[in-house]
Amino acid sequence: MDINIHEVGEFQIAEVTSEGFVINDKEDGLDLLGNLYYQGFDHVILHKDNITSDFFDLKTGIAGEILQKFSNYRVKLAIIGNFEVHQSKSLQNFIFESNKLRQINFAESLEEAIKKFSH
């Protein structure tokens, strides 16, 4: 796992990259949040390909628990990827509502994710 730092205005964004999964389960997500929070990051970008597909099946509860912790700690999160491949209406609604609130964002590109943090 690598952390690329993007500086935007007065804050730093941690972009987490990896060859494999960074988040396989709830514990991985909470460990990642704790690690990044401890390092002083309050803006995080993850890539969809580094997250288990179970995360995007809302019935598993993985997304809910992890994203709730990011919200509780006021760490803004953007997940980059193509989400149209997921046919779940509930997931599409979740993505739409999350993007409106701007604490948790789903974006198609790194540039879009950084832009969402800038507003």
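The values are calculated or read from the model by the stated rules, or taken from the named source; none is laboratory data. In this text the structure is predicted, and so the values were computed from the model without any measurement. As a convention, Cβ positions derive from the backbone with ideal geometry for all residues, glycine included, and neighbour counts pool all protein chains shown.
Among the residues of region 42-51, is any in contact (Cβ under 8 Å) with a residue 60 or more places away in the chain and within 13 Å of the chain's Cα centre (by Cα)?
Within region 42-51, one or more residues are in contact (Cβ under 8 Å) with a residue 60 or more places away in the chain and within 13 Å of the chain's Cα centre (by Cα).
Would you please name the residue that is nearest to Leu32 (Cα to Cα), looking only at residues in region 6-20 that are in contact (Cβ under 8 Å) with a residue 40 or more places away in the chain and of a type in the set (Val, Ile, Thr)?
Restricting to residues being in contact (Cβ under 8 Å) with a residue 40 or more places away in the chain and of a type in the set (Val, Ile, Thr), the top hit is Ile13.
So, Leu58, is that one at negative phi and modelled with pLDDT of 95 or more or not?
no
Residue under question is Phe94, and the condition is that it be modelled with pLDDT under 95 and of a type in the set (Phe, Trp, Tyr); does it hold?
Spelling it out, Phe94 is indeed modelled with pLDDT under 95 and of a type in the set (Phe, Trp, Tyr).
Let's see how each residue does on (1) surrounded by fewer than 18 Cβ atoms within 10 Å (Cβ to Cβ); (2) over 19 Å from Asp2 (Cα atoms):
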| residue | (1), (2) |
| --- | --- |
| Thr17 | yes, no |
| Asn35 | yes, no |
| Ile51 | no, no |
| Asn72 | yes, yes |
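In this structure, does Ser109 turn out to be over 21 Å from Gly9 (Cα atoms) and surrounded by fewer than 16 Cβ atoms within 10 Å (Cβ to Cβ)?
Answer is no for this residue.
When region 72-111 is examined, which residues are found to be out of contact with any strand residue (DSSP E or B) (no Cβ under 8 Å at 6 or more places or on another chain), farther than 21 Å from Gly40 by Cβ and not in a loop (DSSP other than H, G, I, E, B)?
Matches in region 72-111: Lys89, Ser90, Leu91, Gln92, Asn93, Phe94, Phe96, Glu97, Lys100, Leu101, Glu111.
Suppose we filter region 1-17 for residues that are modelled with pLDDT under 95 and either of a type in the set (Ser, Thr, Tyr) or assigned to a loop (DSSP other than H, G, I, E, B) (or both); how many remain?
3
Here is a list of conditions, (1) loosely packed, with under 15 Cβ neighbours inside 10 Å; (2) at pLDDT 95 or above, and Val44 meets all of them except one; can you say which number that is?
Of everything listed in (1) loosely packed, with under 15 Cβ neighbours inside 10 Å; (2) at pLDDT 95 or above, Val44 misses just condition (1).
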